[in-house]
Amino acid sequence: MTTRVRPSSKRCAVIGGSGFLGRHLVEKLADKGYTVSVFDIRQSYELPGVTFYLGDLCDKQALLPALRDVSLVFHCASPAPGADDRALFERVNISGTRTVIQACHEAGVQKLVLTSSASVVFEGTDIKNGKEDLPYAKKPIDFYTLTKIQQEKLVLEACDKENGFLTVAIRPHGIFGPRDPQLVPILVDTARRGKMKFIIGNGSNLVDFTYVENVVHGHVLAAERLRPESPICGQAYHITNDEPVFFWDFMSQILVGLGYNAPRYHLPYWLVYGIALLLWVLTVLLRPLVSWKPTFTPMRVALAGTHHYYSCARAKQDMGYQPVVSLKDAIMLTVESYPHLRQGA
Ligand SMILES: NC(=O)C1=CN([C@@H]2O[C@H](COP(=O)(O)OP(=O)(O)OC[C@H]3O[C@@H](n4cnc5c(N)ncnc54)[C@H](OP(=O)(O)O)[C@@H]3O)[C@@H](O)[C@H]2O)C=CC1
Ligand SMILES: CC(C)=CCC[C@@H](C)[C@H]1CC[C@H]2C3=C(CC[C@]12C)[C@@]1(C)CCC(=O)C[C@@H]1CC3
């Protein structure tokens, strides 16, 4: 006779746990006394109480050992938005997420928390205080967004109270903080190349940037509140700093904090967007001959020149969410964490 070990509620797995958000999440979970299995295609650190399983999440046989005796899974793996590779996004975010769900069923996992994105409703035009009932983008602005939409739908539709499999999706926006490989490094690289002189549009567009610890807090709350009687089952939740900020003020604060000049001159939004679109078409047409990634993609220009901030009222009401680090402190902590990116370093 085989006896099945009942998964402990203090054992969890983090798929994508070597990444920026994933590692912060793993550190918090370990601090809270969880035993954590990390599944990722790479291992970027070591931590007591954390076991690493390396592999591609599209490979169920590789994934299953990481989910053994685990009751709770966080799925925060995705190719980076800058990958611009439709086949890769579809393989990892869509078929890979199907594989994750199947593996959860086979391993007897009871709860799945997905890291989705607030961008699933963003089409490149203004969103002001967007709520979760906004429809998914009909014309997603890139393949990353397109596949994040499909991924979120798959996870929420898999929620099945009768069979004891509960799911929830967290939609963060503009995550930043120590060790982020995207936001600050891209910004500094652009400044070092002398391209951070211009403000796209009139500079009055409000945007959410979310400190990584607040995103982690949202994930942990969701996991701990995910019970059959809870309203959060099968739902998506915006998690932000709840302090929308002018996009260009935020960028300027980071730049000035690191010793660079803030951008000063204005360029018309539609001119820059048109150029970005043209460059993107050219890179697609010339791809077999030239491999070049423009800094100014249509998605980036849209993010830099439109309003996109979201309401966290639903997360506050259903999970008691409140940001734990203010934007002011978050910017200070972030700037301090990048001494090597300072001007002159
Ligand atoms: N950063 C942000 O501003 C936002 C992020 N999100 C979402 O949050 C999640 C985490 O993002 P972030 O931490 O920034 O991203 P990272 O790229 O830092 O982390 C993702 C991790 O997943 C790994 N990974 C990628 N593909 C696979 C695969 N096939 N199998 C196993 N592991 C894989 C990555 O490895 P490798 O690095 O080698 O590719 C990386 O370690 C993502 O789902 C993202 O869509 C949502 C909103 C905003
Ligand atoms: C709020 C949100 C979803 C932020 C996501 C982070 C990145 C998309 C941004 C981080 C650095 C930004 C940046 C630009 C666009 C958006 C980012 C990549 C520019 C390319 C916009 C045009 C410029 O003038 C240069 C900017 C460099 C930094």
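Here are the numbers:
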| read-out | value |
| --- | --- |
| Index of the failed condition, D160 passing every other in (1) of a type outside the set (S, T, Y); (2) surrounded by fewer than 23 Cβ atoms within 10 Å (Cβ to Cβ); (3) at positive phi; (4) at pLDDT 95 or above | (3) |
| So P263, is it assigned to a loop (DSSP other than H, G, I, E, B) and more than 19 Å from L114 (Cα to Cα) | yes |
| So D318, is it more than 13 Å from ligand 2 (Cβ to nearest atom), farther than 19 Å from P185 by Cα and assigned to a loop (DSSP other than H, G, I, E, B) | no |
| Residue check, K138 away from ligand 1 (no atom under 11 Å from the Cβ) and either among the charged types (D, E, K, R) or assigned to a loop (DSSP other than H, G, I, E, B) (or both) | yes |
| Total residues in the range 33-49, condition surrounded by 12 or more Cβ atoms within 10 Å (Cβ to Cβ) and at pLDDT 95 or above | 11 |
| Lone qualifier among R91, R86, R98 - being more than 19 Å from A236 (Cβ to Cβ) and in contact with a helix residue (DSSP H, G or I) (Cβ under 7 Å, 6 or more places away or on another chain) | R86 |
| Test: residue in the range 217-238 that is within 14 Å of ligand 2 (Cβ to nearest atom) and touching a residue at least 60 places away in the same chain (Cβ under 8 Å) | yes |
| Residue match in the range 205-220 (condition: away from ligand 1 (no atom under 16 Å from the Cβ) and modelled with pLDDT of 95 or more) | yes |
| Test result for T115, hydroxyl-bearing (S, T, Y) and either in contact with an Asp or Glu (Cβ under 7 Å, 6 or more places away or on another chain) or more than 15 Å from ligand 1 (Cβ to nearest atom) (or both) | no |
| Yes/no for L114 being more than 16 Å from ligand 2 (Cβ to nearest atom), surrounded by fewer than 24 Cβ atoms within 10 Å (Cβ to Cβ) and of a type in the set (A, V, I, L, M) | no |
| Test result for T167, crowded, with 23+ Cβ neighbours inside 10 Å and of a type in the set (S, T, Y) | yes |
| Residues within the range 24-82 that are outside any loop (DSSP other than H, G, I, E, B) and away from ligand 2 (no atom under 16 Å from the Cβ), tallied | 33 |
| Some residue of the range 230-242 being closer than 21 Å to H24 by Cβ and of a type in the set (S, T, Y) | yes |
| Qualifying residue in the range 147-168 (condition: within 16 Å of ligand 2 (Cβ to nearest atom) and closer than 26 Å to V284 by Cβ) | yes |
| L146 vs. criteria of a type in the set (A, V, I, L, M, F, W, C), crowded, with 17+ Cβ neighbours inside 10 Å and either within 14 Å of ligand 1 (Cβ to nearest atom) or free of Cβ contacts under 8 Å to residues at least 12 places away in the same chain (or both) | yes |
| Some residue of the range 279-292 being away from ligand 2 (no atom under 12 Å from the Cβ), assigned to a loop (DSSP other than H, G, I, E, B), over 30 Å from R227 (Cα atoms) and charged (D, E, K, R) | yes |
| Selection within the range 88-135 - among the small types (G, A, S) and not in a loop (DSSP other than H, G, I, E, B) | S95, G96, A103, A107, A118, S119, G130 |
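The values are calculated or read from the model by the stated rules, or taken from the named source; none is laboratory data. Keep in mind that what you see is a predicted model, and the values were worked out from it rather than measured. Here the Cβ is made from the backbone with ideal geometry for all residues, glycine too, and neighbour counts use every protein chain on show.
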